[in-house]
Structure formats: structure tokens, C-alpha cells
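Novice: Dropping the structure in here first, questions after.
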Amino acid sequence: MKYDTIIIGGGLSGLACGISLARKGQKVMIAAAGQSSLHFSSGSFDLLGYDKQGNIVNNPIEAAQQLDSEHPYSKIGTALLKTRAGQAQELLNTAGIKVNGQVEKNHFRLSPIGIAKPTWLTVDNMVTLESPDQFPYKEVIIANICGFLDFPVEFLVDNLSRKGVKVTLKTFTTPELEHARENPSEMRATNIAKVLEEENNIKKVADEINQISQTQDIVILPSVLGIANPTAIMLLKQSIHAQITFAATMPPSVPGVFIQTRLRQYFQSQGGMFLKQNKVVKGDFTNHELKCIYTENLQDEPLQADNFVLATGSFFSGGINTNYNHIFESLFNLDIDGPDDRTQWTKENIFETQPYMSYGVRTDTNFNVQKNGGKINNLYAVGSILNGHNPIKSADSEGVSLLTGLQVAENILKK
Amino acid sequence: MLEKTQLKNISTHDFEKCLKCTICTVYCPVAAVEPRYRGPKEDGPDTERYRLKDPKYFDEMLKLCLNCKRCEVACPEGVKVGDIIQAARIKYSTHRPGLRDRMLANTDFVGGLATAFAPIVNFSLGLSITKKILDSAFKIDEHRQFPSYSHEKFESWYKKHELEQAKYSHHVSYFHGCYANYNYPQLGKDFVKVMNAVGYGVNLLEKEKCCGVALIANGLYNQAKQQGEKNVHSMRNSIKENEAVLTTSSTCTFTIRDEYKALLDIHNDDVREKISIATRFLYKLIEADKIKLAFRKDFKKKIAYHTACHMERMGWAIYSIELLKMIPGLDLTVLESRCCGIAGTYGFKKENYQNSQKIGAPLFKQIKEVNPEIVATDCETCKWQIEMSTGYKVENPISLIAQALDVEETKKLNHIEKQKL
């Protein structure tokens, strides 16, 4: 099988890259091995939240100029960052993921326990703040589903109260939600969202919320609606008298599954081939080029392409791995920035900057990777697998994935 | 003490690779509708740790697992979640299957009897009184439509055409499975038609037993293993003379290639790569420029392709989809990949019927929205479920290829005339 570009990895960066290439008429395959870390999404996309000193960033584009040369944004070039960010926002919206936010001014998302974190874009209908201490409402009702444990309301109430918000905690249920509750451990956000796909079940929830709130109230609900499409949220909004907004839950994340599904569908609608359940196991290299790859389930099927993109993620998704001896790139053993001495990987205090977080594959400014010191001319890396950035300490994870995905698509098209 | 540090994870079914990330729970069709099932994570790798210490942690509710393997497809770490659950049932279950489960599981025994009396059997299975009796006495749900039995088995039809097959210069064996043999011989005939058109003669295995998927699902493991050993033995002999053993069922293929080894401890390494679903075999021949297909110009159909669970697990849907795309007159929509809910014999059981229909509902809805002329899928039980639940006709991709094929032109393209036919 022959493609223009084959992308290894079906998460945010791989999909962003694949969509941009497919939209320009390329024949693209994405080979995926299992689902992505979007299932842990907060419902927001971070671009750059903190500077090197740990201070909150107000304008990510401006702050990006201070980043080290190894940071993926520096490789894209600060002049282009704003353009790529704009393209990323357009891509999400065209895929049917309505997001709000501005590239030159961070807003704040609310973590499941009610901590305000700087971010760039947030999925429509989720609660956001202009600044960490300014909650948009003076008085709110937090309404949780009886028995839903992945919404830590006590923390949320406590943290909102500290911001001077008057919070009333209420609970509700319906027969269908009680049915789901018979299995407390599987009463997860995503399983609730499946119950709340049905119009009748949504209406019953609306009736219950109308019982515990008035027209003038603001009601915060856990983000357990709209796993397949936004109509469930629209229907609930229409049926409830009070104003409603949603707060992030513990994973698995309903907005995250929605984002993943929508991007995958959009990629397929542009003619892209999304190959599931096909972990790439090896590749054939000749003369500094990757000729073809093979997957676990298509072992005797060389998948050929002019260009390849490695979007396999970092430690969590298995793109990078360690054993007792060293850190390595899992698939092709590409060159990695990170020491062999494992005592250097971590710091004892978990809240300190952990060195391993910024280990990743070494690339040039075009995001071409290296193997044994030699550049691979048609293999690029995008997203979390890249070296030189710490997604936790800088809050730049989704931005790096989206922007490098788009940049590499551009680099491939320019060739 | 080990001399060296163990660098690779080598746990059974890779269960120690589980990070407890919960992604599998998002894709479990059962946990979403049935709270008595504790979901793939908890019933799989989580409880496995306890079961290894004390079998009392085994829960018979594991039988609610469909074995669809969608947890395995979703797992980013490659944990064989479904295998862990099925292996636990094999190892720890003390439940002894009753008459109903034995009947449902023994598809070839029941099929053999039923085809002998096909007109009576089909007539009676369609009667509401029969359905009521099956429902109350056997707990086979009365809403379920039975697949009808053919009066002539595929094997009997094949015998009449066996001699012709020797004339071709290439050969494959066909593992037809119970469905093509007893219920729908047309699928087998379609397969033979397509293979012959591209210059391949079709042989049958010296002995074919049911692949055993229903036996595994119903707890008849010893019988499944015996039948599996016999099949692998026949296949081993077959590949000495034939280029491959081909099937037209995703579930038979998956069971023989993967479940035999993972669950029944049947050694199939030497034959596994030679066992393939027909669409994949054909696609690869076309890709290698060894054969060509010519299609009728007047064949126009709107088709929706449904990815059966085991096709998804094998990662092979791409072959059936790409092959169908070669038919110029086909307007193809690939449906969102979701379980249809039947899972072989699961959906026939009274206690599972409601859940089975709930699981399939989003798929049925999507089919109605697309409103195709025909739904295509590689799995026969998906066919029953979709036909019963939506009213749309369902065909195997091979049957669609056979219908669309311009046989004369295809034979010309593949120079069949020049051979000694």
C-alpha cells in the first residue's frame, strides 16, 4: 500500500498533521495503536501557560520569544507561531469542535478540583475565568449526579469559596442514572454520557435540575454530556430554565473523547485512512530515508510513503520508553535527548521540575529526526515525543501537538 | 536471583502493562448498558491480580463479556484485556453449561440436523408458538429471528463442482464455517465464483469442524480445543498443496488465528500466516499485480460497510474496504465502528436480548440515516442482527464482489482461457 504521507500515531498531533495534509489533497494514512491521551483532556488546549520562572503567562506569543532554542516553538519560529495558532483554531472549529479563546491572551480553565489554570482555547460551554481570582459568577449551584464519584465536589466547593463565590451544593438523579449507579466503579463520565445520549433521558435530567434551581441561577454541572455530538448539550440547555455551564471531571474525559472522535471523523471525511489496531513494529531504512513500515497486524504488507511522521507521544503513550539501562525511542531507536544515568531522570521532590518530562527525540528546525547521528530526510516528529519542552511546567502540551503537527504538514507540502 | 535485570515485560496477556488509565472502559459496549458487568478494566487486569492470589475473586458475571475485544483495540499499552477475561472464565468458572447453551454452541451438530429437515425447521422456527416454547423452555429470546437453514449444505453443492476445481493452476482451501455450510451456501458459491474467475481452484479441508467460537463463549472449552486441534491438523496438511486457507467470516478467522493460541493453547504458529480472510488474500494478489478484477458496468449500489468487532481486532477492515472501493459502481459509506450487540450466541439468550439491542441501537440508527441499499460486513452474526433490527439487507463483501464481477472479462484479464480449462 502506497501513500503520500503515513503518520504513526492517531492522537492530537497526528490528526492535526493528517488533516492539514489531506485537506491539501494528499493521500494520507494514520496508523494507530490504541486510543490517545486526549481521553484525559481537560476540555482546554494550552499554548504556553507558565514561563521558565513559573510565572503565569499573559500573552503566549510574546512569552514564546523567551523560550530556549530547543523548544518546538522556537523551531517553528516566533514569527510563524501566531499564524499556526490561528490555523489550529480554524481546524478545530471546522472539525465541529467549537472552542473559545485568544492566542495573545490566556484565559483560565477550572481543574476538576477547582484550581484555575492558564490556557489558550476551551471547548464551548465549559466554565472559564478571565483571571485566576475572578470567577465570572458571585453565586453558583454545583449540581452533581448522585453517586458520581469522578467529580470531587467538596474540593470544588472549597476552592470556589476561597475565590469569594457563594456555592450551594445539590444533587439529582433519574431512574436511568440510578441504573448506571448500580455499578459505582463503572459510573464514569463517559458511561453517563452514553446514557445521556437519549433525548428522553436528557429531558428527565432537565426536569430534575429545574426542581433544584430557579431561572436566575447559574448551575455548574459535571462535563458528562455530548460524547458523540453537541446536540445533547444544546437540548439540555434549552430544557433548563437556569443558565448552565460545565466543569471538567476526572478521566475518562467526555470532551476529550468528543475531540478525538470529531478529529478522526474529519480526517476520514477528507479522504484520510485511519488504520486502527495496527501498532507499527518496524521500518526499512535506506540512504537516510524511511522506505516503508510494517504493523503488527499487517506484517507482510509494506506500507510505503514519500514522507512519514512520528506522532507516537511521550512516555505515557509509549513513544518514548525506558528500561533500567537507558531511555529510548520505542519504534526506530531514533536519537534521544536524555542521559543514560537513571539517577538524573527524576528529582526527589515531586513538585520540582522533573528532568525526564523534557526528554524526547532530537530534531532539526524542520522537525526531521536523527538516527545514529544522521538525519532521516523523510521522517519527522510531532507532538509530545519532541524534546525540549515540559508540558506540565510550561502548560504547552496541546499547543505543541497542534502547532508542530501543522508545521510539519507545511514542511512536507513545501518539499 | 536472575543473573541479569529483566528488561522486558513478559506477563501473561500483557496484563502487567496495564496503567489503569480507564480508556478501555470508554469502549466497552456492555458496561455502558449493564451495571452487573464491572467493565473491562476491573474484570480484566484489576481483578486478575486478586484471582492469581485466590480464585474466590472470580465472578461468574464475567460471562456478560461479549468477547468483542474492543477494549483491546482501545488499549494504548497493548494489554489483551479481553483475553484476560476469557482466560479467567476458562480457568475459574464452575458453571456447567445447560442444554440451551450446548444447543447454541454446537452450531455444526445442530446445523447438520437442521439442514436435513430444513423446510420443517425453517417453518417451525418462524412460528410464534415455537418462539414462545424456545423462550419459556430454553430461554432463547422470542424476539430473535432465526437464520433460516438451507435444504442443501454448501458441502453437498461443492461435491458436484469439485472436479472442475482441479483444472486451475493455483489452489486455495476454503474454511467455509457453519454459516456458509448450513445457512447460506450462496456465500460459499460466491467465493468459489470469484476465486475461479481469477484462476484459483477451491478445495475443502480434509476435515472441517466448527471453529469453536460458540463453544468457547458457552464454556465448552474441551470440545473447542478438540475441534481446534482437528482444524489445525487439517490446515497443516492443506497448506502443503494449497497457497492459503481462506475464510469468508471474520470471527472464524480470528478464532483460528488468535483465540486458538491465546485461549485454548493450540499451537498454530506454523499455519497462522497462511490463514486469511478472502478479501485480504484477493487484495494482496491485486496489489502484487498477480490478478485483475473486471466489474460489470451496470452494477450500481449504495453500500454501507460495518466493521465487525473481530475484523476490527485483526486490524483488517482496510482490506475489505479497499477491495469494495475497487468496484466502480459502488457508493460506499464506512459506518462508525461499533458493536452490533449480538456477539454470536450471546444475543440469542433471553437474559441478554435487551442489552444486545441496546448495544446495537447507535449502529442501527446510523444505518437508517445512511439508508443504503445493502449493508456490507464480514461477519455472519452481525448480518442476522442488522437484518433483524433494521430491515436492511446485509451481504458479505465477497458476495458483493461476486455480484459486481464481470466473470468473462475477469477470466480474460487473468488469461484463464489460455490455460487448460
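Novice: B:HIS170 to B:LYS300: FRET efficiency via 1/(1 + (r/R0)^6), r the Cβ-Cβ distance, R0 41 Å, to the nearest 0.05? Working shown, then result.
Specialist: Numbers: r = 31 Å, r/R0 = 0.76.
With R0 = 41 Å, the Cβ-Cβ based efficiency is 0.85.
Novice: Averaging over every viewing direction, what projected area does the convex hull of the Cα atoms of the protein assembly as shown cover, in nm²? Walk me through the numbers before you get to the answer.
Specialist: Working: hull surface 149.3 nm².
Averaged projected hull area, Cα only: 37.3 nm².
Novice: What ranking do B:130-139, A:265-274 get when scored by the average of other Cβ atoms within 10 Å per residue, highest first? Before the final figure, lay out each step's value.
Specialist: Values: B:130-139: 15.2, A:265-274: 18.6.
Going by the mean number of other Cβ atoms within 10 Å, highest first, we get A:265-274, B:130-139.
Novice: Mind jotting down the three principal axis lengths of segment A:216-286 based on Cα atoms? Whole angstrom, largest first.
Specialist: 68, 27, 17
Novice: In addition: Quick one: which residues, 5+ away or cross-chain, put their amide H under 5 Å from the amide H of A:ASP217? H built at 1.01 Å from N.
Specialist: Residues meeting the amide H criterion: A:GLN243.
Novice: Going toward the positive end of the dipole of segment B:12-92, with +1 on Lys and Arg Cβ and -1 on Asp and Glu Cβ, which of B:GLY78, B:ALA88, B:GLY44 do you reach last?
Specialist: B:ALA88
Novice: Residue by residue through segment A:179-186, which ³J(HN,Hα) values in whole Hz follow from phi under the Karplus form 6.51 cos²θ - 1.76 cosθ + 1.60 (θ = phi - 60°), with glycine and proline marked x?
Specialist: 4, 5, 6, 4, 10, x, 6, 9
Novice: What percent of all Cα-Cα pairs in segment A:6-144 falls into each 10 Å bin, going from 0 up to the bin containing the maximum distance?
Specialist: Result returned by the calculation: 10, 34, 36, 16, 4, 0.
Novice: Here's another thing I want to ask about it. Quick one: of the DSSP bridges fully inside chain A, what percent are antiparallel, nearest 5?
Specialist: Rounded to the nearest five, the antiparallel share is 50 percent.
Novice: When the chain is fully extended, how far beyond the present Cα-Cα distance does B:SER156 get from B:LYS412, taking 0.36 nm per residue of separation?
Specialist: 89.2 nm
Novice: So, in nm, how far is label A:THR346 from label A:LYS282 when the simple model puts each one 7 Å beyond its Cα toward the Cβ?
Specialist: 3.4 nm
Novice: Check the straight Cα-Cα distances from A:LYS82 and name the lysines below 22 Å, setting aside those fewer than 8 residues away within the same chain.
Specialist: Excluding near neighbours in sequence, the set is A:LYS24, A:LYS52, A:LYS98, A:LYS105, A:LYS117, A:LYS393, A:LYS414.
Novice: Determine the distance separating the Cα centre of segment B:72-98 from the Cα centre of segment A:3-20; give it in Å without decimals.
Specialist: Each part reduced to its Cα centre gives a spacing of 33 Å.
Novice: Out of the DSSP beta bridges found with both residues in the protein assembly as shown, what percent are antiparallel (nearest 5)?
Specialist: In the protein assembly as shown, DSSP labels about 35 percent of beta bridges as antiparallel.
Novice: Let me ask another. Read phi for every residue in segment A:302-313 and hand back ³J(HN,Hα) as whole Hz from Karplus 6.51 cos²θ - 1.76 cosθ + 1.60, θ = phi - 60°, with x for Gly and Pro.
Specialist: 3J(HN,Hα) across segment A:302-313, in whole Hz: x, 9, 9, 7, 6, 10, 10, 10, 9, 10, 8, x.
Novice: Would you mind ranking A:ASP150, A:ASP124 by Cβ crowding within 10 Å, fewest neighbours first?
Specialist: Lowest to highest Cβ neighbour count: A:ASP124, A:ASP150.
Novice: While we're here: Which of the three applies to segment B:12-92, rounded, prolate or oblate, going by the alpha-carbon gyration tensor with a ≥ b ≥ c and a/c under 1.5 meaning rounded?
Specialist: It comes out oblate by the Cα gyration axes.
Novice: Cα extents of chain B along the three principal axes, largest first, in whole Å?
Specialist: Taking the Cα atoms of chain B, the three principal extents are 67, 66, 41 Å.
Novice: Continuing with the same structure: How much length is gained if the chain between A:GLN214 and A:ASN55 is pulled fully straight, taking 0.36 nm per residue apart and subtracting their Cα-Cα distance, in nm to one decimal?
Specialist: On the way: separation 159, 0.36 × 159 = 57.24 nm, distance 3.99 nm.
Once the chain is fully extended between A:GLN214 and A:ASN55, it gains 53.3 nm.
Novice: Computed FRET efficiency, Cβ-Cβ of B:ARG36 and A:LEU169, R0 45 Å: what is it to the nearest 0.05?
Specialist: 0.90
Novice: Quick one: how many lysine pairs does segment A:268-391 have with C-alpha atoms less than 25 Å apart and a gap of 8 or more or different chains? Give me the count, please.
Specialist: The number of close lysine pairs in segment A:268-391 is 9.
Novice: I would also like to ask the following. Quick check: the angle from helix B:221-238's long axis to the longest principal axis of chain B, C-alpha only, nearest 10 degrees?
Specialist: Once rounded, the angle reads 30 degrees.
Novice: Expressed as an acute angle from 0 to 90° and rounded to the nearest 10, what is the orientation of the C-alpha long axis of helix B:278-287 relative to the principal long axis of chain B?
Specialist: Compared with the principal axis, the helix lies near 60 degrees.
Novice: Please report B:THR5, A:THR173 as a ranked list, fewest other C-beta atoms within 10 angstrom at the top and most at the bottom.
Specialist: Least to most surrounded, the residues fall as B:THR5, A:THR173.
Novice: Counting only residues 5 or more places away or on other chains, whose amide H sits under 5 Å from the amide H of A:ASN144 once H atoms are built in the peptide plane?
Specialist: It is A:LYS170, A:THR171, A:PHE172, by chain and number.
Novice: What is the average number of partner chain Cβ atoms found within 10 Å of a Cβ in A:31-37? Don't jump to the answer; show the numbers that get you there.
Specialist: Values: counts 1, 3, 6, 11, 9, 2, 3.
Average per residue, whole number: 5.
Novice: With the cut-off at 21 Å, report for segment A:144-219 the share of all Cα pairs above it, as a whole percent.
Specialist: Values: 985 of 2850 pairs.
Roughly 35 percent, rounded to a whole number.
Novice: What is the angle, in °, between the Cα long axis of helix A:397-414 and the longest principal axis of the Cα atoms in chain A? Nearest 10 is fine, range 0 to 90.
Specialist: 40 degrees
Novice: Tell me which GluC sites (Glu not before Pro) from segment B:1-51 have a DSSP coil assignment and no more than 11 other beta carbons within 10 Å of their own.
Specialist: Answer in residue order: B:GLU3.
Novice: Identify which of B:ASP101, B:ASP54, B:ASP46 has the largest mean-square fluctuation in a Gaussian network model of chain B, with springs joining Cα atoms closer than 10 Å.
Specialist: B:ASP54
Novice: In whole Å, what is the distance between the alpha-carbon centres of segment B:310-338 and segment B:117-192?
Specialist: With segment B:310-338 and segment B:117-192 each reduced to a Cα centre, they are spaced 25 Å.
Novice: If each residue's Cβ is checked for other Cβ atoms within 10 Å, how do B:PHE123, A:PHE328 rank with the fewest at the top?
Specialist: In order of increasing Cβ crowding within 10 Å: B:PHE123, A:PHE328.
Novice: Among the DSSP beta bridges whose two residues both lie in chain B, what percent are antiparallel, rounded to the nearest 5? Could the numbers behind the result be given before it?
Specialist: On the way: 2 of 24 bridges.
Beta bridges within chain B, antiparallel portion: roughly 10 percent.
Novice: Summarise the partner chain shielding of B:317-326 as one whole number: the mean count of Cβ atoms from other chains within 10 Å of each residue's Cβ.
Specialist: For peptide B:317-326, the averaged partner shielding equals 2.
Novice: Treating only the Cβ of Lys, Arg, Asp and Glu as charged (+1, +1, -1, -1), what charge dipole size does chain B show about its Cα centre? Round to the nearest 20 debye.
Specialist: Using only the charged Cβ atoms, the result is roughly 320 debye.
Novice: Let me ask another. Which chymotrypsin sites (Phe, Trp or Tyr not before Pro) does segment A:346-413 hold that lie in a coil by DSSP with at most 11 other beta carbons within 10 Å?
Specialist: Within segment A:346-413, the qualifying chymotrypsin sites (Phe, Trp or Tyr not before Pro) (loop, at most 11 other Cβ atoms within 10 Å) are A:PHE351.
Novice: Going by amide H atoms built from the backbone, whose H comes under 5 Å of the H on A:SER223, apart from near neighbours?
Specialist: Residues meeting the criterion, in which the H sits 1.01 Å from N, are A:ALA247, A:THR249.
Novice: Taking the alpha carbon gyration tensor of chain A, what are the square roots of 5 times its eigenvalues, largest first, to the nearest whole Å?
Specialist: For chain A, the ellipsoid semi-axes come out as 39, 24, 19 Å.
Novice: Also, quick follow-up: Would you mind giving the mean number of other chain beta-carbons within 10 Å of the Cβ of each residue in B:19-29, as a whole number?
Specialist: 6
Novice: Using the Karplus curve 6.51 cos²θ - 1.76 cosθ + 1.60 with θ = phi - 60°, what ³J(HN,Hα) values do you get for each residue of segment B:350-362, in whole Hz, with x for Gly and Pro?
Specialist: These are the phi-based 3J(HN,Hα) values: 3, 5, 9, 4, 4, 5, 4, 6, 5, 4, x, 3, x Hz.
Taken together, the values in this text are just the output of simple stated rules run on the coordinates, not laboratory data. Nothing here was measured: the structure is a model prediction, and the numbers come from that model. Methodologically, a virtual Cβ is constructed for each residue, glycine included, from the backbone with ideal geometry; neighbour enumeration extends over all protein chains shown.
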